[in-house]
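The structure under discussion appears below in the form of structure tokens.
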Amino acid sequence: MEKILFIINPKSGVDRVKALQGLIDKHLDRAKFAPEIAYTQYAKHGTELAREATQKGFTTIVAVGGDGSVNDIIAGIYGTAATLAIIPKGSGNGLARSLGIPLDPVKAITLINSGHKSTIDLGRADGRIFVSNAGVGFDALVARKFAKSKRRGMAMYSWIVTKHLWTYKEWQWDIEVDGRHLSEKAFILTVANAEQFGYNFRIAPSADLQDGLFDIVIIKKYPKILGSAIAIRAFNGTILKSKYVTHLKGQKVVIRHPKLNLLQMDGDVHPCGHEISIEMIRSALPVVTPGQSA
């Protein structure tokens, strides 16, 4: 019988946590799994709990929360034999959507019972592990504002984007992709391992978590009146066809700017220096996913 730990971010409230506990009790295959539940109490606590769990012999660690919670737990289990599973309970749920993991918790638990696994790539930016994307520019600004907001969800995310879109000033970035240099005045500069930020906003629709390559997506300076049109392209998967978008693939990316001091990774913001190095880590993490076992 496998030891499985559910790490729950309790921000959603006591009643919802109790309901989730009930679903785990009812739908998890007890003939296969011996479950335990832990709760995060402060920032990055999920990393500590996940790391301790791997040392105690837990073979599957379940991240119950949003992309930030998932990222914390990946940081704790990376480099071990543990498998990641996800019950999406965040606002954007970008990684879960990219992997095809059901947003319904009962279906997500049923998926865990199936035991289907895939091994996915990870990225390392400025010394930190990420799974979906790392970026600078407008997305980092929005991530910082969204993190400070007391309200969550698509409506708040859209309000923040709209509020800051018209006043944002693009920077001229020095970019290096696998030794190839380019200079671009960019609104958004994203190094994507997975296809979306969340909310089905597909910043890199051709990204593949198993191909060993990043999709570098540069949304160049564009007339702000076209912001809605570019957003629509992201939602319908045609953003790479825009004349305002440059798309590259590579394994190592270096980004430089004399004023650079903020980097977003999987929606969390981190201080950084004027130069950041982003590298691919191939086949780095087993994850419970739909489909046939890897």
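General observations
- Residue list for the range 251-294, restricted to those being touching a His at 6+ places or on another chain (Cβ under 7 Å), in the same structural domain as Leu213 (by TED's automatic domain parsing) and either under 26 Å from Leu99 (Cβ atoms) or touching a residue at least 24 places away in the same chain (Cβ under 8 Å) (or both): Arg256, His257, Leu260, Leu263
- Applying a threshold of 7 Å to beta carbon distances and a minimum spacing of six or more residues, or different chains, the list of pairs starting in the range 157-180 at a residue that is among the polar types (S, T, N, Q) and ending at one that is surrounded by fewer than 11 Cβ atoms within 10 Å (Cβ to Cβ) reads Gln172/Ser183.
- Filtered by the rule that a residue be surrounded by 20 or more Cβ atoms within 10 Å (Cβ to Cβ) and under 18 Å from the mean Cα position of the chain (by Cα), the range 254-267 gives Leu263, Gln264, Met265, Asp266, Gly267.
- Looking across Ser91, Ser98, one residue alone is in contact with an Asp or Glu (Cβ under 6 Å, 6 or more places away or on another chain) and closer than 28 Å to His164 by Cβ. It is Ser98.
- Filter result (β-branched (Val, Ile, Thr) and assigned to a strand (DSSP E or B)) within the range 156-185: Ile175, Val177
- Cβ pairs under 7 Å, 6+ apart, first in the range 223-250 and more than 18 Å from Ala207 (Cα to Cα) and buried (at least 16 other Cβ atoms within 10 Å of the Cβ), second of a type in the set (D, E, K, R) and modelled with pLDDT of 90 or more: Tyr244/Lys220
- Scanning the range 9-37 for residues that are buried (at least 20 other Cβ atoms within 10 Å of the Cβ) and touching a helix residue (DSSP H, G or I) at 6+ places or on another chain (Cβ under 6 Å) yields a count of 1.
- Among the candidates Gly90, Gly127, residue that is on the phi > 0 side of the Ramachandran plot, small (Gly, Ala, Ser) and either outside the structural domain of Ile276 (by TED's automatic domain parsing) or free of Cβ contacts under 8 Å to residues at least 12 places away in the same chain (or both): Gly127
The values are calculated or read from the model by the stated rules, or taken from the named source; none is laboratory data. Since we're looking at a predicted model, the values are computed, not measured. So basically every Cβ, Gly included, is an ideal-geometry build from the backbone, and we count neighbours across all protein chains shown.
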